[in-house]
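The values are calculated or read from the model by the stated rules, or taken from the named source; none is laboratory data. Bear in mind the structure is a predicted one, so any value in this text is a computation, not a measurement. Cβ placement follows ideal geometry from the backbone for every residue including glycine, while neighbour counts extend to all protein chains displayed. Keep in mind that these areas ignore ligands, DNA and RNA; they rest on the heavy atoms of the full protein, side chains included. Shrake-Rupley method; radii C 1.70, N 1.55, O 1.52, S 1.80 Å.
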Amino acid sequence: MQHPEPQGIPFMALLTEIDKGVIKIPQFQRDFVWPREKSARLIDSIAKGFPIGTFILWKTKEELRSVRNIGDAQLPATPKGDYVQHVLDGQQRLTSLYATVRGLKVARDERVDDFSDIYLDLAAAEDDDIAIVDRNGRDENALIKVVDLMRGGLQFLAAYPPQYHRRLDELKTRFESYSFSTVLIKDAPIDVATEIFTRINVTGQPLSPFEIMVAKTFDVTTGFDLAEQYEILHEELANVGYDTIPPTTILQAMSLILTKECRKRDILRLPKSQFIENWPRVADATRQTVDYLRSFYRIPASRLLPYNAIIIPFVYYFYNHPQKPGGSDRDHLRDLFWRISVSGRYSFSLESRLSADIRRVDSILAGHLPSYDYAVDTSAEFIRSNGWFTASRSFCKAMLCIMAARQPQSFNDGAAVYISNDWLKKANSRNYHHFFPRAFLKRKGYEDAHANHVANITIVDDFLNKVLVRDKAPSKYMKQFLDTNTDLHRIMKTHLIDLESFGVWEDDYDTFLWKRCVSLSQALGHRIIKQDIDGLGQDVFTEDFEEAGDESAIADR
């Protein structure tokens, strides 16, 4: 990479380079949002010879997904073999100038802004506004559109009143000779270029790997557009309740498949041709993963997943083994899933831990049980100690997955409880019911920290939760259901609750909590393959939240 070069480029040369497809606006920039009034102020500065800031351009042969049109003007592709200069800073300014000088119409929601309607007032003093959009109170004979000044020939301009001829000549010369300040960055890799873009952007928000890869992997020849491909995949996943899987998770899976690493720089350095070639298989492996989690693990909605990234080892597996796992593979993958889920493993150091787990999947593919360097505790005592409930904790989500796998039925009529992402956003979700209501327990002297426990949570429907139960004692509200539902004892088994031995009729919360922890422990124990390291025990850890993703978009000034 060469050092950045400050340069100057004449007004018309800058616009000509856009017309030729040499200067491009990468698609990760935000849409053109400046109103005509703001564009007029920019033109006014140029008319007065004022500086308007520096444009930062990235000169490269890297082909990015770029803005294809500005308003009603179609922009050409970069000539084959030529370098392209991507705008890293100054998109809004450059687009404003281009739309104004070319007289373009730009659609904005329910209106169309006509940038040909930006005028220069030939009668204005130097310290007044020369460029305007509001003609009220102005002499129409003294107004000329910017587009007409730049395009108009001698005969057109000579038709204006003689007293304005000198001003017309001055303004036309000033525009044509105006030199823009630019900094040219040559031959930088895309991760360096986008880091520069991030640092100079006024919002301070970093580009996500997905936004960068959308631009990097766009290919005119094959018609590949990552944004469109991901949208197709996302829609398919949404149709089966897995719409919360973010695009960066899919990119991490791709990077691990191709390089065994998934740091941001690893993703951004993936070869474009390799990425495009492997996308169909990665997308298909993602579909197979979701189908497997829904059918074999009976996890009906993606918000229940302890982590979004927990799908990645499975995508890796299905990429390398398109058939459903059987025998030891099935058992070893299940063991891996639950170890990740109950250990808080992906709450920190996500990329390095994913890389380690991919090596474990390689062992599974080779027919071996992976070894682990961390312990898990499936005991009822550990669940009781570690069960503080919030819907965003991975340990709690793991317990909810165990409950959902039982396909819980309504206390009221035995109908299947509907579980969806829309209902799983918060801890007070319509799906989450404290079997011993917190208000009831508070009256009994229990602190909220004791009452708000995952073993006190059942997955129910909204009607039961908000209308029939409220803050009643379990013995009272369950008696209502028992009077109308002779199958209630069996139904409660789908919630891992035994009505006769859990202290329900005695309103004995301590007995209920312990017995439910025992039920969850037994269910979890069937999913884990015990190893020697597990005898060391697991520390109670309640900071096991989803690691923050890098999904924010960025807006250039």
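Table for the structure above
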item	result
Hits among lysines - C-alpha to C-alpha of Lys216 under 28 Å, sequence gap 8 or more where chains match	Lys20, Lys24, Lys59, Lys61, Lys80, Lys186, Lys260, Lys264, Lys272
Amide N proximity, the stretch 497-532 versus Asp331 label position 7 Å along Cα-to-Cβ, cut-off under 13 Å	526-531
Sequence ranges 33-41, 116-124, 6-14, ranked by mean other-Cβ count within 10 angstrom, highest first	116-124, 33-41, 6-14
Nearby lysines by direct alpha-carbon distance to Lys515 (threshold 24 angstrom, same-chain neighbours under 8 apart not counted)	Lys397, Lys442, Lys444, Lys472, Lys476, Lys479, Lys493, Lys530
Acute angle (nearest 10 degrees) that the helix 11-20 long axis makes with the longest principal axis of the chain, alpha-carbon atoms	60
Charge dipole of the chain about the Cα centre (unit charges at C-beta), most positive-ward option of Ile25, Phe382, Phe512	Phe512
Per DSSP, loop GluC sites (Glu not before Pro) in the stretch 38-136 with at most 15 further Cβ within 10 Å	Glu110, Glu126
Cα-derived Rg over Rh, computed across the stretch 371-418 with Rh taken as Kirkwood radius	1.10
List Thr222, Thr286, ordered by accessible area with a 1.4 Å probe, largest first	Thr222, Thr286
Highest average packing first - 507-517, 226-236, 363-373, 91-101, Cβ atoms within 10 Å	91-101, 507-517, 226-236, 363-373
Helix axis angle, 190-200 relative to the chain longest principal axis, alpha carbon, degrees	80
Accessible solvent surface per residue of the chain, calculated while the other protein chains remain in place, 1.4 angstrom probe, Å²	44
Net length gained if the chain between Leu154 and Val33 were fully extended (0.36 nm per residue, minus Cα distance)	40.1 nm
Acute angle (nearest 10 degrees) that the helix 394-405 long axis makes with the longest principal axis of the chain, alpha-carbon atoms	60
Within the accessible area of the chain (1.4 Å probe), percent carbon and sulfur	48
Shape box of the chain [Cα atoms, principal axes, largest first, Å]	103, 55, 34
Sequence-separation-based contact order of the chain, relative, with Cα cut under 8 Å and 6+ spacing, percent	16
Under 16 Å from the Cα of Lys105 - lysines, other chains or at least 8 residues apart	Lys38, Lys145
Cα gyration tensor, the stretch 214-263 - rounded (a/c under 1.5), prolate or oblate	oblate
Span from the the stretch 319-333 Cα centroid across to the the stretch 110-139 one, whole angstrom	69
Distance between the stretch 9-27 and the stretch 229-274 - C-alpha centres, whole angstrom	33
Inter-probe distance in nm under a simple model that places probes 7 Å from Cα toward Cβ, at Ser385 and Lys105	7.2
Cα gyration tensor shape for the stretch 1-133, rounded if a/c is under 1.5, else prolate or oblate	oblate
Global form of the stretch 252-360, assessed from the alpha-carbon gyration tensor, a/c cut-off 1.5	oblate
